[in-house]
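Working notes, structure below.
Read the figures in this text as sums done on the coordinates, not as results from a lab. Only a predicted model underlies this, so the values are computations on that prediction, with no experimental measurement involved. Counting neighbours? That spans all protein chains shown, and the Cβs are built from the backbone with ideal geometry, glycine included.
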Amino acid sequence: MSEPRRIDAAERILDTAQQLAQTCGFNGFSYADIALQLGVTKASLHYHFPSKAELGRALIARYRERFVEALAAIDHRGGKATGKLRSYVKLYHEVMHLDRMCLCGMFAAEYATLPPAMQEELRRFFDANELWLSGVLERGRSAREIAFRDPPRERARVLVGTLEGAMLLARAYGDDKRFQCVARHLLAELTPAPPAPPPAASRTAPPS
């Protein structure tokens, strides 16, 4: 098999595995499920990914790389912190429109059962998100585009954790409006308070 065909086959395996993982979780599918969808043998899957642990690590690494690319695209477009944060939320919402969950959010729920290499890749995904968000939050606060009191890294963790949790609850109810509601309030908390109106000018009483 030529190198381009090998890469294409590996990508198709990852695409199918990701779709299964985002709907069933890592422990909810097997090589047999992937082989059935692709119409190939399990042996051909093991040729590219000898173990499911290696497949899982590759899934998270690719997901993280694509997510980081999406964050870089948001930066490239420029704009205020508020717009960047809305674009960040949209990344999650687009996944929900596919009737899927964030891959790493799904895997985080199964963290204790994952191989160490997958656990490490999982942390790298969330670290990358927190790092990017921290930068956006810090610059936005400095420019007085947004307001919050806690350290940027802590606020970034609140954003990631809340959005991941909101996806899970929205899925449980089959209602993405629940996610939108949480996201809307989450961003509203960062809106700076309007400046207080200037005190009314004192008026001198007219002479009687």
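Shown here: the stretch 136-196, whose C-alpha atoms stretch 40, 26, 14 Å along the first, second and third principal axes, sorted largest to smallest. Specify which labelled value, from (1) 1, 6, 13, 16, 16, 13, 10, 7, 5, 3, 2, 1, 1, 1, 1, 1, 1, 0, 0, 0, 0; (2) 1, 7, 15, 20, 22, 19, 12, 5, 1, 0; (3) 1, 6, 10, 11, 10, 9, 9, 8, 8, 8, 7, 5, 4, 2, 1, 1, 0, 0, agrees with P(r) over Cα pairs in 5 Å bins from 0, in percent derived from the coordinates of the model shown. Step by step, P(r) over Cα pairs in 5 Å bins from 0, in percent for this structure corresponds to label (1). Using only the C-alpha atoms, the convex hull of the stretch 25-98 corresponds to 115 Å³ per residue. Each Lys and Arg Cβ is given +1 and each Asp and Glu Cβ -1; about its Cα centre, the chain then shows a dipole of about 680 debye. Going by neighbour counts of Cβ atoms within 10 Å, the residues 14, 103 line up, fewest first, as 14, 103. Values of log10 I(q)/I(0) for the stretch 37-153 across q = 0.15, 0.17 Å⁻¹ run -0.79, -0.95, by the Debye formula with one identical scatterer at each alpha carbon and no solvent.
Calculated mean residue ellipticity at 222 nm for the chain: -24000 deg cm²/dmol, from DSSP H runs with n ≥ 4 weighted as -39500 (n - 2.57), summed, divided by the residue count and rounded to 500.
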